[in-house]
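Working notes for the structure below.
The values are calculated or read from the model by the stated rules, or taken from the named source; none is laboratory data. Please read these numbers as outputs of a predicted model, since none were measured by experiment. Cβ: placed from backbone, ideal geometry, glycine included. Neighbour counts: every protein chain shown. Ligands, DNA and RNA are excluded from the accessible area calculation, which covers all protein heavy atoms including side chains. Shrake-Rupley method; radii C 1.70, N 1.55, O 1.52, S 1.80 Å.
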Amino acid sequence: MSQKRWPVLVTRRLPAPAMERISGRCDVALYDGPGAMPRDELLKGISGKVGAVTLLTDKVDDEFLDAAGPQLVIVANYAVGFDNIDVPACTRRGVLASNTPEVLTDTTADLAWSLLMAAARRIAEGDRFLRRREPWVWGPEFMLGVDLHHKTIGIVGFGRIGQAMARRARGFDMTVIYHDVYRPPPEVERDLGAQFRELDDLLSTADFVSLHTNLSPETHHLINAERLKRMKPTAVLVNTSRGPVIDEAALAEALRTGEIFAAGLDVFEKEPEVHPALLELDNIVILPHLGSATVETRIAMGLLAADNLIAALEGKRPPTLLNSEVWEKRASRT
């Protein structure tokens, strides 16, 4: 496309540096209302646009693509995850799709590690206890948690964030085991001191289990009642990947009955809803999807989404493209 001001949709206000980069090159239709952009407004807003910056709350499917029209060039997702985007549908229609990986790896790993420690040491429970102004006195068995150091951590999903968790675990002298359908090169395993295990073996061995897998039909309810029963009664489970990877009703029951010691969740099965049974439990730490929520990382995500958007509209390959076959097909025509 020629260098001009392109009409684009941004479905939620991004950090200022990203908005400035986009508005410097584009005519921006911005949804600035509370919460997620309503579906009817999304479908109306995308009409006639050549690009869009979307969030996980925005479903990009055939209906969205129909509403956009054939001139749509790119959907740039402001997230590392992209289960809100029907990538095959975009590919069929020649629409580029991108995400924002890498820039949030360490920030998300930091948050996952925070959940591990908070759940293991009952940090949130202790905070709530004091705020209730409960009478208390220090005692040898008062509000005991479990140690992290010298324990075994099981990492499910050994991509960028999973490997960042392994690096953190080494600082606590932990044994690192992992499961992934794709094993990394041997040198990665060697450098991180990580050992591959089948999932059920990992669950029965690990003292801490941290989930970092994509959401797919295969990983939906990957952690269910049967697999929770395989875990140690002293185990801590953390999920910063996607909510539906865990059967929340089964998790609530496992926590209530003491099948596992504690859990920490940053994502939920029917987000933003939280299973009501989880809200009644003290042995779970819950956060409102804060994995990438630092000033620096959210700016970096926004700038990467902007770069993906503008590159595509300039006829260049977006830096973090999801459907490279669309780009290759376009490039073969030039």
Post the alpha-carbon centroid distance, region 171-234 to region 283-334, in whole angstrom.
27 Å
Of the beta bridges DSSP finds with both residues in the chain, what % are antiparallel, to the nearest 5?
5 percent
For the chain, shape from the Cα gyration tensor axes a ≥ b ≥ c, cut at a/c of 1.5 then a/b versus b/c, turns out prolate
Quick one: which residues, 5 or more positions from I85 or on another chain, have an amide H under 5 Å from its amide H? H modelled 1.01 Å from N in the peptide plane, none for Pro or chain starts.
V60
Those GluC sites (Glu not before Pro) from region 86-166 that are DSSP loop and have at most 16 other Cβ neighbours within 10 Å turn out to be E102, E141
Rg ratio (alpha-carbon, reference 2.2 N^0.38 Å) - region 150-218:
1.00
All alpha-carbon distances of region 251-330, grouped into 5 Å bins from 0, give the whole-percent distribution 3, 12, 15, 12, 10, 9, 10, 10, 8, 6, 3, 0
Counting only the backbone N, which residues of region 257-285 are under 12 Å from the spot 7 Å out from the Cα of T234 toward its beta-carbon?
261
At a 1.4 Å probe radius, which order do H212, H150, H220 fall into by accessible area, largest first?
H150, H220, H212
Kyte-Doolittle at least -1.0, axis length at least 18 Å by Cα - qualifying DSSP helices, the chain
105-120, 295-313
How much net charge surrounds H220 when only other residues with a Cβ under 11 Å from its Cβ are counted (Lys, Arg +1; Asp, Glu -1)?
-3
Find how much the distance from H289 to H220 grows on full extension, using 0.36 nm per residue of separation minus their present alpha carbon separation; answer in nm with one decimal.
23.0 nm
Region 73-82 - phi-based ³J(HN,Hα) in whole Hz, Karplus 6.51/-1.76/1.60, Gly and Pro as x:
9, 8, 10, 9, 7, 8, 4, 6, x, 8
Calculate one ³J(HN,Hα) per residue across region 215-227 by plugging θ = phi - 60° into the Karplus curve 6.51 cos²θ - 1.76 cosθ + 1.60, and present them in order as whole Hz with x for glycine and proline.
8, 8, x, 6, 9, 5, 6, 4, 9, 10, 4, 5, 6
If a/c stays under 1.5 just call it rounded; otherwise compare a/b with b/c (prolate if a/b is bigger, oblate if not). Do that for region 183-299, with a ≥ b ≥ c from the square roots of the Cα gyration tensor eigenvalues.
oblate
Residues with amide H under 5 Å of R122's amide H, sequence separation 5 or more or different chain, H placed in the peptide plane at 1.01 Å from N; which?
none
Amide H contacts under 5 Å for T100, restricted to residues at least 5 apart in sequence or on another chain and with H modeled in the peptide plane, are A79, V80
Over the chain, average the accessible area per residue using a 1.4 Å probe and give it in Å², no decimals.
48 Å²
Go ahead and estimate [θ] at 222 nm for the chain from helices alone: -39,500 (n - 2.57) per DSSP H run with n ≥ 4, summed, over the residue count, rounded to 500.
-11000 deg cm²/dmol
Can you return the lysines within cross-link range of K329? Criterion is Cα-Cα under 30 Å, with same-chain partners fewer than 8 residues away left out.
K4, K44, K49, K59, K316
Taking θ as phi - 60°, what are the ³J(HN,Hα) couplings along region 6-14 by the Karplus curve (6.51, -1.76, 1.60), each to the nearest whole Hz, with x for Gly and Pro?
8, x, 9, 10, 10, 7, 7, 5, 9
